[in-house]
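As structure tokens, the structure follows; a few thoughts come after it.
FYI, it's all coordinate maths here, none of it is from the lab. Everything numeric here is computed off the predicted structure, so don't read it as measured data. A quick note on method: Cβ atoms are made from the backbone with ideal geometry, for glycine too, and the neighbour counts reach across all protein chains shown.
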Amino acid sequence: LLVEMDGFESNEGVILIAATNRPDVLDPALLRPGRFDRRVVVARPDVRGREEILRVHTRKIPINDDVDLFILARGTPGFSGADLANMVNEAALLAARQNRKTVLMFDFELAKDKVLMGAERRSMILTDEEKKNTAYHEGGHALVAAKVPHADPLHKVTIIPRGMALGVTMQLPIDDKHTYDRVYLESQLAIMMGGRVAEEIFLKTMTTGAGNDIERATEVARKMVCEWGMSQLGPLTFGKKEEQIFLGRELSQHRDYSEETAREIDAEVRRFIDAAYKTAFEVLDGNRDTLERIAQALLEREVLDASELQMIVAGQPLPDRVPPPPADDSGSVQHVLRPDPARQPGIKPGERPSPA
Ligand code: ZN
């Protein structure tokens, strides 16, 4: 590559572009002026980017008038381009399965949940005991999430097994998040502890279901101490890591601190976790009947969305479920899978009604 590039004159109008996930290990010779000397970071798309990406992917799909790509873009912070493409594809499949002519917003919402939380495993049979444990466990997460400060709003709580999990409590930030403050992280820790605390208070037992929560919480607390300087040990980094940055995987950790500091780090990590546990305990112990109602509602309905959870927390009765849109027998999506010229112009940026 370098030999070839050296052959280019600066006035030849040839631009060479390359992409990598590992800019950290590139040979400096490659990055000298005249070679790959400019760097463009392609991060995950922001809300505008997501809307445009959705527009591209929905071009060949007959979407219903009720579909608002801007709302979908707002509801998918953190999604990559591939996630969005996947969501559109899943939505089209759902509509086709229902023999609908067009893809509804309803299909997109289901597809979003599938991409977010993994596919439902309806075939997995849970015993009543497991269902009950899961309902209280997830209810614990949800109630703590509803009560602690700076937490992302709840998106959904479900006790239908998805992926590896028996239940899922999903929060979704309102906007794209680039940094996290300490209160947010402490709240996150409390939410993760909520599942285990609910098991202890309401079921008088502990289950292995909390294993993943505990692992993630410990990891966050350790980062708060060792990477983000948020503990009493002050703004220092402890431990040099070799990480495959873009894969988010730690390859090895090289210790650059003493035995004594190691003990202090462990104590600080424990302090964060203990505080989170205490917060979760206080929330759940002080709102026992609310958690009972969440768990009962979960056992009845299997899924609770944000508004239903808000009603339960506010002590209001839940309204009956709105049935999903009926299947349309007059023709399937495949029949009309061709570009619809009338739809192409779309909403131009700036014309969009501001979201409520
Ligand atoms: Zn959990």
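Counting every other Cβ atom within 10 Å of each residue's Cβ, MET224, MET311, MET87 order from fewest to most as MET311, MET224, MET87. Dividing the C-alpha radius of gyration of the range 62-126 by 2.2 N^0.38 Å, with N its residue count, gives 1.14.
Given their separation in residues at 0.36 nm each and the Cα-Cα distance between them, LEU203 and ARG255 gain 14.6 nm when the chain is fully extended. Per residue, the Cα convex hull of the chain amounts to 208 Å³.
Under a 5 Å amide H cut-off, with hydrogens placed 1.01 Å from N, HIS155 pairs with MET170, GLN171, LEU172 among residues at least 5 apart or on other chains.
Distance between the 7 Å Cα→Cβ label points at ALA29 and ILE17: 2.7 nm. In loop segments of the range 1-107 as defined by DSSP, the trypsin sites (Lys or Arg not before Pro) with at most 12 further C-beta atoms inside 10 Å of their C-beta are ARG38, ARG39, LYS60. Sequence-ordered 3J(HN,Hα) estimates for the range 214-231 from the Karplus curve with 6.51, -1.76 and 1.60 and θ = phi - 60° stand at 5, 4, 5, 5, 4, 5, 5, 4, 5, 5, 4, 7, 8, 10, 9, x, 9, 9 Hz, glycine and proline given as x.
Sites count as exposed loop sites when they are GluC sites (Glu not before Pro), lie in a DSSP loop, and have at most 10 other Cβ atoms within 10 angstrom; the longest stretch of the chain without one is 13-350. When only Cα pairs below 8 angstrom with a gap of at least 6 residues are kept, the range 111-184 shows a relative contact order of 31 percent. Site pair TYR180 and ARG44 shows an inter-label distance of 1.2 nm when each label is modelled 7 Å from Cα along Cα→Cβ.
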